[in-house]
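The structure under discussion appears below in the form of structure tokens.
Rule-based calculations on the coordinates, nothing more; no lab input. Since the structure is predicted, the reported quantities are computational estimates derived from the model, not experimental observations. Glycine also receives a Cβ, built like all others from the backbone with ideal geometry; neighbour counts cover every protein chain displayed.
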Amino acid sequence: MRQAKHKLSIAALIFGISFVVISPIKAQQESHVRAEVEKLIRDSGAEVGLAFQTMDGKQQLFLNEDKSFHAASTMKIPVMIELFAQAHDGKVHLNDPLPIKNSFSSIVDGSPYKLDSADDSEADIYKAIGTTWTLSQLCEAMITRSSNLAANLLIEKLGVENIQRRVASLHAEGMVVLRGVEDNKAFEAGRNNTTTARALLILLQAIATNRAGDADSCHEMMEILKRQTFNEAIPAGIPPGVPVAHKTGEITGIHHDAAIVLAPRPFVLVLLVKGINDRDNSSALMAAITRVIYQASQN
């Protein structure tokens, strides 16, 4: 089995997908994986951004990895990274209390707007308006239950410019965080949070390898991501008992999942899906793609 001395060779682009060939023996298997993934996507009729890489760097699979998608709630990953960075620097403390409110300023003209609790996946925080939660509690709700209100409160506290600078420092420029959630004037003006599959892969790799902050912060971020409560997409394609640290994102016609899969051979997988309005169908597609990639990566 022959391997490159310094860099792994990249297979030629086929239908927009590249896969690292680590030996001639594996080439046939990798071609089969490529074909299976392509067929799943083609049959679904969806537009998919995909980025996959084993943590040892020996296998990777990309499809539309630099195409920009509406980020939905995946933009909460860099918010979490910035929170832990500011906590490490002493600018904030994770047990600091923050008043719970539901009034924010549009980035278009500064006019006030509110979030609709019916459109949020976390309802308890709306019952807490007028009281305080700690920054740690808000982060937990933002990631594990994808609370939009918690995200907006943290974005306002941390500063959107600081979040974007942190993203740039990690070389994940494909992630663009402009604003909080449900700023309808900004949405109508086309000023949305966007991401690429590659950017999310870079951010998750940074967490997994202690480059998104100090080791303790990265460990805690991993533990929070493991407590994600929406597990119908990537985790559904992983064998039971294999830990998955991940963040989902969803709006109408958009459904994403970005995961660190702590398998015997760990990997990061990002799936961005556009064009499927039925959540069960988009979840099934992501689970099916994950199953193909998991089986290939562990053999």
Checklist entry - What is the Å³ per residue value for the convex hull set by the Cα atoms of the range 68-193? => result 100
Item to check | Alpha-carbon gyration tensor eigenvalues x 5, square-rooted, for the range 153-299, Å | outcome: 26, 21, 13
Checklist outcome for this item: For the range 68-193 the mean separation of alpha carbon contacts under 8 Å (6+ apart) over residue count, i.e. relative contact order in percent, is 31
Checklist outcome for this item: Answer in debye to the nearest 20: the dipole magnitude of the chain about its Cα centre, from +1 Lys/Arg and -1 Asp/Glu charges placed on Cβ, is 940
Next on the checklist: Could you order the peptides 147-157, 256-266, 211-221, 85-95 from most to least packed, using the average number of other C-beta atoms within 10 Å per residue?
Outcome noted: 147-157, 256-266, 211-221, 85-95
Checklist outcome for this item: Computed ³J(HN,Hα) along the range 236-248: with the Karplus parameters 6.51/-1.76/1.60, θ = phi - 60°, integer Hz and x for glycine or proline, the list is 5, x, 10, x, x, x, 8, x, 10, 9, 8, 9, 9
Checklist entry - Out of these labelled values of P(r) over Cα pairs in 10 Å bins from 0, in percent, (1) 6, 28, 35, 21, 8, 2, 0; (2) 5, 17, 19, 18, 13, 10, 10, 6, 3, 1, 0; (3) 5, 18, 16, 14, 14, 12, 8, 5, 3, 2, 2, 2, 1, 0, which was calculated from the coordinates shown here? => result (1)
Next on the checklist: Quick check on the chain: helices-only [θ] at 222 nm, where DSSP H runs of length 4 and up contribute -39,500 (n - 2.57) each and the sum goes over total residues. Nearest 500, please.
Outcome noted: -12000 deg cm²/dmol
Next on the checklist: Test of understanding: what is the full-extension gain from Glu173 to Asn277, defined as 0.36 nm times their sequence separation minus their Cα-Cα distance?
Outcome noted: 34.6 nm
Checklist entry - Is the range 129-240 best put as rounded, prolate or oblate by its Cα gyration tensor, with a ≥ b ≥ c the root eigenvalues, rounded for a/c under 1.5, and otherwise prolate when a/b is larger than b/c, oblate when not? => result rounded
Checklist outcome for this item: In this structure, among Lys127/Lys247; Lys76/Lys185; Lys76/Lys114; Lys76/Lys274; Lys58/Lys247; Lys67/Lys247, pairs with alpha-carbon gaps over 22 Å are Lys127/Lys247; Lys58/Lys247
Item to check | Distance from the range 179-196 to the range 234-256 (C-alpha centre basis), Å | outcome: 23
Next on the checklist: Among Ile260, Gln228, Phe52, whose Cα projects farthest towards the positive end of the dipole of the chain, with charges put on the beta-carbon of Lys, Arg (+1) and Asp, Glu (-1)?
Outcome noted: Phe52
Checklist entry - ³J(HN,Hα) across the range 142-148 via Karplus (A = 6.51, B = -1.76, C = 1.60, θ = phi - 60°), whole Hz, x for Gly/Pro? => result 5, 8, 6, 10, 6, 5, 6
